[in-house]
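The values are calculated or read from the model by the stated rules, or taken from the named source; none is laboratory data. Fair warning: this is a prediction, and the values are worked out from it, not measured in the lab. So basically every Cβ, Gly included, is an ideal-geometry build from the backbone, and we count neighbours across all protein chains shown. These accessible areas exclude ligands, DNA and RNA; they are computed on the full protein's heavy atoms, side chains included. Shrake-Rupley method; radii C 1.70, N 1.55, O 1.52, S 1.80 Å.
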Amino acid sequence: MTNKPLNFIEQIIEEDLSKGLSKSNLRFRFPPEPNGYLHIGHTKAIGISFGLGKKYGAPVNLRFDDTNPTKEDQEYVDAIKKDISWLGYKWDKECYSSDYFDQLFDWALQLIKDDKAYVDSQSSTLMAEQKGTPTQTGTNSPFRDRTEEENLLLFKQMRAGKFKAGAHVLRAKIDMKHPNMLMRDPIMYRIIHAPHQRTGDEWCIYPMYDWTHGESDYIEQISHSLCSLEFKPHRELYDWFKSAVYGYSKKTLHLQPKQREFARLNLSYTIMSKRKLLTLVEKGIVSGWDDPRMPTISGFRRRGYTPKAIKKFIETIGVAKRDNIIDVSLLEFCIREDLNATANRVMAVLDPIKVIIDNYPEDKTEWLASDNNPEDKTSGTRKTPFSKTIFIEREDFKEEATAKYFRLATGKEVRLKNAYIIKAESVEKDDNGVVQVVHCTYDTKSLSGSGTEASLRKIKGTLHWVSAQHARKIEVRDYDRLFSHPAPDAQEKDFMNYLNPKSFVKTTAYIEPNVFSLEPYSHYQFQRKGYFSIDPDSTERAPVFNKTAGLRDTWSKQAQKQAPQKAKAPQKPQRKAIDVIKQLGKKYTNLPEVKQIKTKKEIQKLAQEVAYDELSPLFGTAAKKVGTRIAVIIVLKELLKSGQKDTPETKAFIKKASEDSNHLLRAEALT
């Protein structure tokens, strides 16, 4: 395999190392503010810092920037630590900016003595007016030329709690005409009479972020301070403060940190503002920070997402210099890929209609073998009970249906997964004409896997089911995207106008009795329905399942329907799906990983239009045509999921691919 190219941050580090920076001096940090729960956007910053730590064998600090006691809480500290640990990362030192309050205060006194800081006694409104605009220079404060003695006295009195909030601030003395407005005498300290979750009432003045952030990096001897692009204009101020204090402590703190910025993670159908997420919590729109619809890490965990899927997503999108919006369907694809390989299959009926098999013995129960996970050969099988009365999905039955309807209909046959072929004969309806019971007969010799002639009959529709006598009642929480607009935070209307009214639906469903584990966060694929996870609210008597993701992306179809219709151009003859798949396969191995994922999704979608007879001739594709063989494997797996029988020739094709020298083909065959 070829080495992965360096991203631009790794290139910066390599350049620094080549210029003499010792590898032993590399140290990174992740510095969250404990004023809310971490969200999916933070996972990129976490992944970058801890990923660099792993790559270079360097320590990574977890530092809480706890400088605003009115918004921070120990609950958030605990939640942040839990989330990072759950993702699988281990930090070296657990630090707090509040640990450095004494040092920051001493440095501020020194800056006053060096005429680099002063106490301003104006209102915030006046200071904002004097700051100017990006095209108009600012004007000096009337208090800018206070004497050293007066500034020191006032600042110490601020520290001693002699003044009300807003009476004074400490400002850096830089340049009110500077083209970068952040350099126009920024505030370093403000008065806040509020207890701090760690220091209690010891302080009533608190340092501002720009003053605290860089100096905390310097105290901890962070080599590379990595942050998102919105902090790029702050870099100049970061460097000014760093240079200002370096002379005071360079004998003991030799290394000066370097700030560099990367593009933040923006996700479609999602908001990332902690303030707005807090609004959702406080207004009861969601049940809490860990509501499975929330983009918080704890929300994703409760919904059933895995650390592996989230890390794969972050790795796939990479490290960029420009902001862009990532389609949330890519994240959903990553969790499907992970759970497809690891989640055991079970049958559950979410909207049941009763089916009575009239010619099945009244008191008979058969225990039929079912694969736990066809993607995992070590997962084994389980026994599923089959009896006279079963439940199927209501959407899987129609009294009258067209020839293209391959589910159960009056006078038509379907196969019950791992069981028999049944035929609908008649129905029972309630007073409103709604079908309540479907009466069927079954082919007694058609049991799947029995090898009889009847069992080998080709039936186009295969349905999942549960035995009414044996099924367990469960609560299913069907979660969907919280917002119906792809960019809810970038519209003229308030983001609350774009809440999806169908983002949460709670139903009672029925599941086969042999569920392996009801431990919270256990994963299952409900066959033909999607991936589900056990909610922490679940109990042995009252199991609760959260929907993690559907088997396919249904939002893209909705978006296409809602898109403005263009005038139809003269239609070209439509290419057959199998021909498109072959074309996609030819280029597959030359594509970057992100495009390979998109291409695989396209092939999986096209597979629904391919018949086995069209695919099987491609089993003999030449060994050198690796891309085509990968495409054939992808399609074949989709057909097998849809009920296609595994034959000697399919097994031989997959076995040969699993032993191929190409790692992409081998991986596709083995997963």
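Just name the residue that is farthest from residue 334 (Cα to Cα) out of those in region 640-671 that are among the acidic types (Asp, Glu) and loosely packed, with under 13 Cβ neighbours inside 10 Å.
Filtering first and then ranking leaves 649.
Taking residue 212 and the conditions (1) of a type in the set (Ser, Thr, Tyr); (2) in contact (Cβ under 8 Å) with a residue 24 or more places away in the chain; (3) under 30 Å from residue 260 (Cβ atoms); (4) open to solvent by 60 Å² or more (accessible area, probe 1.4 Å), which numbered condition does it fall short on, given that it satisfies the others?
(4)
Find the residue count for region 408-423, including only residues that are open to solvent by 10 Å² or more (accessible area, probe 1.4 Å) and not in a loop (DSSP other than H, G, I, E, B).
4
Of the residues 481, 477, which is open to solvent by less than 50 Å² (accessible area, probe 1.4 Å), part of a loop (DSSP other than H, G, I, E, B), out of contact with any Cys (no Cβ under 9 Å at 6 or more places or on another chain) and in contact (Cβ under 8 Å) with a residue 24 or more places away in the chain?
Exactly one residue qualifies, and that residue is 481.
Taking residue 373 as meeting all but one of (1) more than 27 Å from residue 646 (Cα to Cα); (2) in a loop (DSSP other than H, G, I, E, B), write down the number of the exception.
It is condition (1) that residue 373 fails.
Considering only region 62-72, I want to know if a residue exists there that is open to solvent by 20 Å² or more (accessible area, probe 1.4 Å) and under 17 Å from the mean Cα position of the chain (by Cα).
From region 62-72, those open to solvent by 20 Å² or more (accessible area, probe 1.4 Å) are 68, 70-71; that's our starting set.
So of that shortlist, the ones also under 17 Å from the mean Cα position of the chain (by Cα) come out as none.
Checking region 62-72: not a single residue is open to solvent by 20 Å² or more (accessible area, probe 1.4 Å) and under 17 Å from the mean Cα position of the chain (by Cα).
Only one residue in 54, 19, 23 is open to solvent by 20 Å² or more (accessible area, probe 1.4 Å), closer than 30 Å to residue 661 by Cα and at pLDDT 95 or above. Which one?
Step by step, each of 54, 19, 23 is checked, and only 54 is open to solvent by 20 Å² or more (accessible area, probe 1.4 Å), closer than 30 Å to residue 661 by Cα and at pLDDT 95 or above.
Kindly indicate which of 185, 217 is open to solvent by less than 10 Å² (accessible area, probe 1.4 Å), in contact (Cβ under 8 Å) with a residue 40 or more places away in the chain and within 30 Å of residue 320 (Cβ to Cβ). First the steps, then the outcome.
Values: 185 fails: within 30 Å of residue 320 (Cβ to Cβ).
217 is the lone residue from the list that is open to solvent by less than 10 Å² (accessible area, probe 1.4 Å), in contact (Cβ under 8 Å) with a residue 40 or more places away in the chain and within 30 Å of residue 320 (Cβ to Cβ).
Could you tell me whether residue 586 is in a helix (DSSP H, G or I), open to solvent by 100 Å² or more (accessible area, probe 1.4 Å) and modelled with pLDDT of 80 or more?
yes
Of everything in region 648-671, what is among the polar types (S, T, N, Q) and within 16 Å of residue 377 (Cα to Cα)? Give them in sequence order.
Matches in region 648-671: 650, 658, 671.
Going by the structure shown, is residue 4 of a type in the set (D, E, K, R), free of Cβ contacts under 8 Å to residues at least 60 places away in the same chain and over 18 Å from residue 257 (Cβ atoms)?
yes
Find the residue count for region 617-639, including only residues that are surrounded by fewer than 16 Cβ atoms within 10 Å (Cβ to Cβ) and in a helix (DSSP H, G or I).
Pass one, region 617-639, residues surrounded by fewer than 16 Cβ atoms within 10 Å (Cβ to Cβ): 617, 620, 622-624.
Within this subset, residues satisfying the condition of being in a helix (DSSP H, G or I) are 617, 620.
So the count comes out to 2.
Scanning for something under 21 Å from residue 553 (Cα atoms) and of a type outside the set (Val, Ile, Thr), does region 657-670 turn up at least one residue?
Just the residues of region 657-670 that are under 21 Å from residue 553 (Cα atoms), to begin with: 668.
In the following step, the residues that additionally are of a type outside the set (Val, Ile, Thr) were identified as 668.
Taking every residue of region 657-670 in turn, at least one turns out to be under 21 Å from residue 553 (Cα atoms) and of a type outside the set (Val, Ile, Thr).
Matching residues to (1) open to solvent by 30 Å² or more (accessible area, probe 1.4 Å); (2) under 30 Å from residue 316 (Cβ atoms); (3) touching a Pro at 6+ places or on another chain (Cβ under 7 Å); (4) in a loop (DSSP other than H, G, I, E, B):
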position: 341; (1), (2), (3), (4): yes, yes, no, no
position: 345; (1), (2), (3), (4): no, yes, no, no
position: 353; (1), (2), (3), (4): no, no, no, no
position: 362; (1), (2), (3), (4): yes, no, no, yes
position: 406; (1), (2), (3), (4): yes, no, no, yes
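Report yes if some residue within region 373-393 is in contact with a Gly (Cβ under 8 Å, 6 or more places away or on another chain) and either on the phi < 0 side of the Ramachandran plot or not β-branched (Val, Ile, Thr) (or both); otherwise report no. Don't jump to the end; show me each part of the working.
Taking region 373-393 and keeping what is in contact with a Gly (Cβ under 8 Å, 6 or more places away or on another chain), we get none.
No: region 373-393 contains no residue that is in contact with a Gly (Cβ under 8 Å, 6 or more places away or on another chain) and either on the phi < 0 side of the Ramachandran plot or not β-branched (Val, Ile, Thr) (or both).
Since residue 383 meets every condition but one in (1) under 17 Å from residue 527 (Cα atoms); (2) among the charged types (D, E, K, R); (3) open to solvent by 30 Å² or more (accessible area, probe 1.4 Å); (4) not in a strand (DSSP E or B), which condition does it not meet?
Just one mismatch for residue 383, condition (4).
Would you mind listing the helices (runs of 4 or more DSSP H) fully within region 79-176 where at least 2 residues are open to solvent by 60 Å² or more (accessible area, probe 1.4 Å), touching a residue at least 24 places away in the same chain (Cβ under 8 Å) and within 30 Å of residue 30 (Cβ to Cβ)?
101-113
Give me the pairs, please: first residue somewhere in region 351-380 and among the β-branched types (Val, Ile, Thr), second residue anywhere and modelled with pLDDT under 95 and not in a loop (DSSP other than H, G, I, E, B), beta-carbon distance under 8 Å, and either six or more positions apart or on two chains.
Short answer, once both residue conditions are applied: none.
Filter region 305-328 down to the residues that are surrounded by fewer than 19 Cβ atoms within 10 Å (Cβ to Cβ) and polar (S, T, N, Q), then identify the one that is farthest from residue 545 (Cα to Cα).
Result: 324.
Listed residues 363, 396; which is at pLDDT below 95 and under 19 Å from residue 466 (Cα atoms)?
Numbers: 396 fails: at pLDDT below 95.
It is 363.
Which pairs turn up if I take residues in region 408-429 that are closer than 18 Å to residue 528 by Cβ and look for partners that are part of a loop (DSSP other than H, G, I, E, B) and basic (Lys, Arg) with beta carbon separation below 7 Å, at least 6 apart in sequence or on another chain?
414/407; 421/457
Give the number of residues within region 224-237 that are open to solvent by less than 10 Å² (accessible area, probe 1.4 Å) and hydroxyl-bearing (Ser, Thr, Tyr).
Residues in region 224-237 being open to solvent by less than 10 Å² (accessible area, probe 1.4 Å) and hydroxyl-bearing (Ser, Thr, Tyr): 1 in total.
Can you tell me how many residues within region 429-471 are part of a strand (DSSP E or B) and charged (D, E, K, R)?
Qualifying residue count for the region: 1.
Kindly indicate whether any position in region 386-400 is hydrophobic (A, V, I, L, M, F, W, C), touching a residue at least 24 places away in the same chain (Cβ under 8 Å), open to solvent by less than 60 Å² (accessible area, probe 1.4 Å) and in contact with a helix residue (DSSP H, G or I) (Cβ under 9 Å, 6 or more places away or on another chain).
no
Do we have residue 507 as open to solvent by 30 Å² or more (accessible area, probe 1.4 Å), closer than 27 Å to residue 296 by Cα, part of a strand (DSSP E or B) and of a type in the set (Ser, Thr, Tyr) here?
Taking the combined requirement at face value, the residue satisfies it.
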